[in-house]
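Okay, handing you the structure first.
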Amino acid sequence: MENISINLKNTGKFISFEEIGAYAQLSSRHLDSLNSGSGPGNDFLGWLSLPDDILPQLEKIEKTAKHLRSVSDTTVVIGIGGSYLGARAVIEALSHTFSPLLKTKHHDVIFAGQNICEDYLSDLIEILDGRNYSIVVISKSGTTTEPAIAFRILRDHLEKKVGKLAAAERIIAITDAKKGALRSLAETNGYETFIIPDNIGGRYSVLTPVGLLPVALSGLDIKMLVKGAKSMEDLTRRNKNATSNPSLLYAAARNLILQGGRSIEIMAGFTPRLHFMSEWWKQLFGESEGKDGKGIFPASVDMTTDLHSMGQYIQDGQRILFETMISVKSPGKKLTIPMEKDDSDELNYLAGKRLSEVNHNAEIGTTIAHNDGNVPIITINIPTLNEYYIGQLMYFFEMASAISGYILDVNPFDQPGVEAYKKNMFALLNKPGFEEAGKKLKERL
Ligand code: PA5
């Protein structure tokens, strides 16, 4: 079976493959820190062995998904950040692009709790009025404001719609084993629960029930996803031979490029299906590295869409960035461009070609053009989009972000900066305990 791989040939004008290989080899010592638990954040290393550790839970996750799929046509998955992005990234990468519009029988997975927008939730309630739905609410702390508000509103809606008892049968809570408001709510109301282990942070939790239950609900094969992740664990976790360890190579390449003065990394996918994979990747690297005044700023574009907007800047703006392109070799479906007798749109030179061939040439053309514009490019090759390769890709990135954090000498597993806005919001909203802070803030307005 092929694996996802990393191609560094388009970084060559900026840093040579030999330099990257040497730096990756040097960085392989960080694998020892991860495996021995001797580095910063060593109480958050549960993700390393998740591909094995989660196996005993897969049957229960699948059974719960089957139950919700049988009692409802839609599930609202409530969560934010690490309790949201992984599931959405997998589902969007592997599902029908227009699944909510499909006429054939299917189960819709809709997301909420990832914003505080009144219109978003009001619009969702309008849709849910006509749906037979379930709720999966995910929060490790059990106290995060955005999902807590969405859950309070939707729980009330569902209880009014089907009654408190029937609602309890179709609400699943994924949270801490003991603490937090969500744990208490689940116990009081008798909701089925799954546990988020203490030693796994949100952005590394896609292979726990946090990611796997929503993915199973959407009808995807979670066993294959975990199998793919396991194969990447085998390729990376204890592999100190830098040239055959893609996570080491990627971590080393992006840090050498940073040292050369490029502090923005743009993830570029050539299929809209990877849009949320970029969103997940941005959280993974942004929250893991962005601290102590350090870190590469992760940004993303969707190609070829954004070649008609951000393409100009990438080609020709300030030389502060580099790109990481995700190249998918084979699309899942086939569509060719038809021949037209009078060639009125002048496209007959493409007649008979598959769209993927045109897209692939757009990708090569973009790579050469951006390289000519002095943009270093790392390419990550994926054979095709399926559960196995998405599992590989996500474990690959998790491992690379941990190594990269250690290269930067930060703790890649905490996120102290996320608290600042929360404290201010609580103070401004007069949350009990924040009165003094509220007074001070209001004086500044
Ligand atoms: O990565 C993280 O830890 C954060 O993004 C959290 O996942 C996010 O803030 C949601 O937290 P919780 O699951 O406690 O509601």
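Suppose we filter region 151-170 for residues that are out of contact with any Phe, Trp or Tyr (no Cβ under 9 Å at 6 or more places or on another chain) and surrounded by 23 or more Cβ atoms within 10 Å (Cβ to Cβ); how many remain?
Final tally of qualifying residues: 1.
Yes or no: A173 open to solvent by less than 30 Å² (accessible area, probe 1.4 Å), under 23 Å from the mean Cα position of the chain (by Cα) and not assigned by TED's automatic domain parsing to the domain that holds I80?
Judged against the criteria, A173 is not a match.
Let me ask something else. Looking at (1) within 16 Å of the ligand (Cβ to nearest atom); (2) over 20 Å from the mean Cα position of the chain (by Cα), which is the one condition that is false for Q259?
Of the numbered conditions (1) within 16 Å of the ligand (Cβ to nearest atom); (2) over 20 Å from the mean Cα position of the chain (by Cα), the odd one out for Q259 is (1).
Name the pairs whose Cβ atoms lie under 7 Å apart, with the first residue in region 245-263 and touching a residue at least 40 places away in the same chain (Cβ under 8 Å), the second open to solvent by 10 Å² or more (accessible area, probe 1.4 Å) and acidic (D, E), and 6 or more positions between them or separate chains?
Close Cβ pairs satisfying both conditions: L256/E19.
With the checklist (1) without any contact (Cβ under 8 Å) to a residue 12 or more places away in the chain; (2) surrounded by 21 or more Cβ atoms within 10 Å (Cβ to Cβ) in hand, flag the one item S83 doesn't pass.
(1)
Take region 118-171 and flag every residue that is among the polar types (S, T, N, Q), within 16 Å of the ligand (Cβ to nearest atom) and outside any helix (DSSP H, G or I).
Of everything in region 118-171, those that are among the polar types (S, T, N, Q), within 16 Å of the ligand (Cβ to nearest atom) and outside any helix (DSSP H, G or I) turn out to be S139, S141, T143, T144.
Also, I was wondering about something else. Out of (1) open to solvent by less than 50 Å² (accessible area, probe 1.4 Å); (2) of a type outside the set (F, W, Y); (3) under 25 Å from D108 (Cα atoms), what's the single condition that is false for K223?
Evaluating K223 over (1) open to solvent by less than 50 Å² (accessible area, probe 1.4 Å); (2) of a type outside the set (F, W, Y); (3) under 25 Å from D108 (Cα atoms) leaves (1) as the failure.
Then there's this: Restricted to region 180-203, and to residues that are farther than 30 Å from N386 by Cα and within 11 Å of the ligand (Cβ to nearest atom), which residue is surrounded by the fewest Cβ atoms within 10 Å (Cβ to Cβ)?
Ranking the candidates gives A181 first.
For G417, are the conditions met, namely being surrounded by fewer than 14 Cβ atoms within 10 Å (Cβ to Cβ), touching a residue at least 24 places away in the same chain (Cβ under 8 Å) and more than 22 Å from P51 (Cα to Cα)?
Taking the combined requirement at face value, the residue satisfies it.
Can you say whether L68 is crowded, with 19+ Cβ neighbours inside 10 Å, touching a residue at least 40 places away in the same chain (Cβ under 8 Å) and closer than 26 Å to R273 by Cβ, as far as the supplied structure shows?
Judged against the criteria, L68 is a match.
Of the residues V215, V206, V210, which is crowded, with 24+ Cβ neighbours inside 10 Å, more than 14 Å from the ligand (Cβ to nearest atom) and assigned by TED's automatic domain parsing to the domain that holds L68?
Result: V215 is the single residue among V215, V206, V210 that is crowded, with 24+ Cβ neighbours inside 10 Å, more than 14 Å from the ligand (Cβ to nearest atom) and assigned by TED's automatic domain parsing to the domain that holds L68.
Take region 49-65 and flag every residue that is open to solvent by less than 10 Å² (accessible area, probe 1.4 Å) and touching a Gly at 6+ places or on another chain (Cβ under 9 Å).
Answer for region 49-65, where residues must be open to solvent by less than 10 Å² (accessible area, probe 1.4 Å) and touching a Gly at 6+ places or on another chain (Cβ under 9 Å): P51, A65.
The values are calculated or read from the model by the stated rules, or taken from the named source; none is laboratory data. For clarity, every value in this text was computed on a predicted model and none was experimentally measured. Please note: Cβ atoms are built from the backbone with ideal geometry, for glycine as well, and neighbour counts cover all protein chains shown. When the accessible area is computed, the model is the full protein with side chains, heavy atoms only, and any ligands, DNA or RNA have been set aside. Shrake-Rupley method; radii C 1.70, N 1.55, O 1.52, S 1.80 Å.
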